[in-house]
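J.: Let me give you the structure first, and then I'll get to my questions.
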Amino acid sequence: MTYIRTFLLCIIWITSALLPPESLYAQSLDARLKAAGYIDVCEEAPDIRVQLKYATSDNFMGRSVYQGMTKAWLHPDAAQKLHRAQRILQREKPGYALLVYDAARPMSVQRIMWNLVRGTNKTYYVSNPAKGGGLHNYGMAVDLTLVDASGKPLPMGTPYDFFGAEAHTDKEEALVQTGKITRRELANRRLLRRVMKEAGFRTIKSEWWHFNACSRETARARYRLIE
C-alpha cells in the first residue's frame, strides 16, 4: 500500500508541475463563478464569441489580471438579455455575432486594476473598489463588439479600451464630420447599440463597447458583489 500511495502522490505532483499556476487558478475561478450561479454566456448561445482581453496582455494595462480565466460569465438576468441580443442580431444580420471582451469581474480583480491605474489619468475608466466598484462586479455589465460571418470584428472607429473622445457615443456625428471616425464605423456602432438596447441593455457615453443590464442603484439593491 505504501508503494501505491507513493506512486499516486508522484503522479499528482508531476501533473501539477506540468500545469501552469494560472491554469489551476482559471479552473478554480470558473468553477467558483459557476457554483455561485453565474452563466457561461456561450453555454446556451454558442454563436457568441469570447476574447477576454484582461486574460491577456493585449489591454490598456499591458498585463493579464484574470490570470487565465477562460470563460465570460454573467448573472442569469444579464445573460438572458445577452442571448436575446444575439438572436436579434442574427435576425437582422444573419451570420453576424457578438464578440465579448469582458463580462463579470470579481472584486479581487477590480482591486488589482485600480491599483494599476491609481494616480494616472485612467482612473475615470476604472471603478474605484472602495466606492463599491461597478456593474461588471455584479455580473451585470458586458464589453463587446460585432463580428461578421467570417469572424472578423467590424470597424468601430477605435480599438477596445481606447480612452479618448473618438470612443465616445454622445457626439459621433461631429466625429464623422471631423474625420475622426467614418460613416461606416458610425453605422456599425449604431447597429451594436440598436441590438443591445432592444435586448434591454443601457449605454454609457464614454465607451461604445460598454453596456449595462441595469442601473447601479438596481444592482446594489438586488444583486450581490462577486468577491
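What follows draws every value from the coordinates through simple rules; no lab data is involved. All values reported here derive from a predicted model rather than from experimental measurement. Virtual Cβ from ideal backbone geometry, glycine too; neighbours counted across all protein chains shown.
J.: Out of 195, 176, 100, any idea which swings most in a Gaussian network model of the chain, alpha carbons joined below 10 Å?
T.: Comparing 195, 176, 100 in the GNM, the peak value goes to 176.
J.: Distance in nm between label sites at residue 150 and residue 108, each 7 Å beyond Cα in the beta-carbon direction?
T.: Placing both labels 7 Å beyond Cα along the Cβ direction yields 4.1 nm.
J.: While we're here: For the chain, give me the percentage of DSSP beta bridges that are antiparallel, rounded to the nearest 5 percent.
T.: So the antiparallel bridges amount to about 85 percent of the total.
J.: Taking only the alpha-carbon positions of the range 44-123 and ignoring solvent, what does the Debye formula give for the base-10 log of I(q)/I(0) at q = 0.12, 0.25 Å⁻¹?
T.: After summing over all Cα pairs, the log10 values are -0.44, -1.16.
J.: Using only Cα atoms, find the angle between the long axis of helix 76-92 and the longest principal axis of the chain, and express it within 0 to 90 degrees, rounded to the nearest 10.
T.: 50
J.: Something else: Viscosity 0.890 mPa s, temperature 25 °C: what is the translational diffusion coefficient of the chain from Stokes-Einstein with a Kirkwood Rh over Cα pairs, rounded to a whole number of µm²/s? Spell out each step's value before the answer.
T.: Working: Rh = 18.9 Å.
So the translational diffusion coefficient is about 130 µm²/s.
J.: Shifting gears a bit: Quick check: the angle from helix 107-117's long axis to the longest principal axis of the chain, C-alpha only, nearest 10 degrees?
T.: 60
J.: Sticking with this structure for a sec: Positive end of the dipole of the range 83-172, charges at C-beta (+1 Lys, Arg; -1 Asp, Glu), about the Cα centre: which of 134, 167, 120 has its Cα farthest in that direction?
T.: Highest projection toward the positive end goes to 134.
J.: Can you give the extra length, in nm with one decimal, that the chain gains between residue 131 and residue 225 once fully stretched, where that is 0.36 nm per residue apart less the Cα-Cα distance? Let's see the in-between values first.
T.: On the way: separation 94, 0.36 × 94 = 33.84 nm, distance 1.22 nm.
Full extension of this stretch gives 32.6 nm more.
J.: Arranged by the count of other C-beta atoms within 10 angstrom, fewest first, what order do 87, 189 take? Intermediate results must be reported in sequence, preceding the final value.
T.: Details: 87 14, 189 25.
Ranking 87, 189 by Cβ neighbours within 10 Å, fewest first, gives 87, 189.
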